[in-house]
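Right, one structure below, let's go through it.
The values are calculated or read from the model by the stated rules, or taken from the named source; none is laboratory data. Only a predicted model underlies this, so the values are computations on that prediction, with no experimental measurement involved. With ideal geometry, Cβ positions are generated from the backbone for all residues, glycine too; neighbour counts draw on all protein chains shown.
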Amino acid sequence: MSQGLVYALHGFLGQASDWNEVRKPLEDRGLQFHAENLFGPDSLVVTDFLTYVKELANKISQLPASAKKVFVGYSLGGRLGLHLMEHHPTLFDHYVFLSTNPGLDDSATNYRRVRISNDREWAAQITPDEWTEFNQRWNDQKVFEGSAQEPERNAADFDLAKLRKSLLEWSLGKQKDLSAVIKSNQDKLTWVVGDRDLKFAQIAVDLKQKKILLNYKRISSSHRIWLDNPSAISELLQNLY
């Protein structure tokens with residue numbers, strides 16, 4: 001049995017290799033690091049949240065035994081992690097959420113519809129012919145301001161149908177408010193935001209003011225924490241062992 005395992009989920013348009021700079025210091029310490037690839041040709045079929053996390057949990061349960069298992073998820077990966085924590089609470093000993101949206105509250109009906117509509121429009125742009133333009137438009141979104149540019153993404157590395165389906169099935173507009181799940185799992189989670197990521201830093205402030213989060217961590221970064229400050233994430237994860 002290994003000393004510990006870190007299991008990582010990247011964000012939308014991400015790849016397992018996004019975690020390479022986070023991974024190395026952990027492996028140097030003897031920890032296992034497994035980065036899932038959500039959108040590759042051999043990855044799980046994209047379905048609705050609950051069906052998908054059931055299949056994902058089954059896949060995770062087949063990983064080698066470990067003394068301590070820690071989940072880390074960025075953005076979309078964090079949102080999937082919230083569903084794992086809700087429906088499979090014993091799967092990991094600790095959860096780390098990076099730049100993660102807890103979901104929209106019940107009063108945000110109109111905004112839910114807007115998000116679903118917007119994500120349908122994004123999905124329609126994911127074609128081989130529009131790949132370069134789609135990537136540029138995606139990276140130009142305000143939420144990514146101040147973050148380092150993502151590595152070049154090649155269409156050949158993705159199953160484009162899975163990318164499209166994820167925008168439809170995992171739209172924030174379809175995600176329920178998971179604040180209660182966060183509140184009831186305070187003892188096994190770490191919430192992390194970038195200090196220059198104004199939107200998600202404010203989400204964390206609001207969660208703390210509502211006593212949903214007891215505390216959270218701010219690190220020097222914009223939204224793409226894994227890219228802006230991988231050493232801080234590695235250190236945070238090491239300190240959990």
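Per-structure values
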| item | result |
| --- | --- |
| Subset of the stretch 157-184 that is in a helix (DSSP H, G or I) and acidic (Asp, Glu) - its residue that is modelled with the lowest pLDDT | ASP157 |
| Condition broken by ARG196, with the remaining ones in (1) assigned to a strand (DSSP E or B); (2) touching a Gly at 6+ places or on another chain (Cβ under 8 Å) satisfied | (1) |
| Check on PHE134, out of contact with any Gly (no Cβ under 8 Å at 6 or more places or on another chain), modelled with pLDDT of 95 or more and either closer than 30 Å to ILE212 by Cα or not acidic (Asp, Glu) (or both) | yes |
| Test: residue in the stretch 108-117 that is loosely packed, with under 15 Cβ neighbours inside 10 Å, β-branched (Val, Ile, Thr) and not in a loop (DSSP other than H, G, I, E, B) | yes |
| Within the stretch 31-49, tally of residues that are without any contact (Cβ under 8 Å) to a residue 60 or more places away in the chain, surrounded by 15 or more Cβ atoms within 10 Å (Cβ to Cβ) and in a loop (DSSP other than H, G, I, E, B) | 2 |
| Number of the condition not met by GLU27 [criteria: (1) surrounded by 15 or more Cβ atoms within 10 Å (Cβ to Cβ); (2) touching a strand residue (DSSP E or B) at 6+ places or on another chain (Cβ under 7 Å); (3) in a helix (DSSP H, G or I)] | (1) |
| Inter-residue pairs, beta-carbon under 8 Å, first among the hydroxyl-bearing types (Ser, Thr, Tyr) and in the stretch 152-171, second crowded, with 19+ Cβ neighbours inside 10 Å, 6+ apart | SER166/LEU38; SER166/PHE39; SER166/VAL46; SER166/LEU76; SER171/ASP119 |
| All positions within the stretch 50-79 that are in contact (Cβ under 8 Å) with a residue 60 or more places away in the chain and crowded, with 22+ Cβ neighbours inside 10 Å | VAL70, PHE71, VAL72, GLY73, TYR74, SER75, LEU76, GLY77, GLY78, ARG79 |
| Enumeration of residues in the stretch 185-241 that are among the small types (Gly, Ala, Ser), in contact with a Ser or Thr (Cβ under 6 Å, 6 or more places away or on another chain) and closer than 14 Å to THR100 by Cβ | GLY194 |
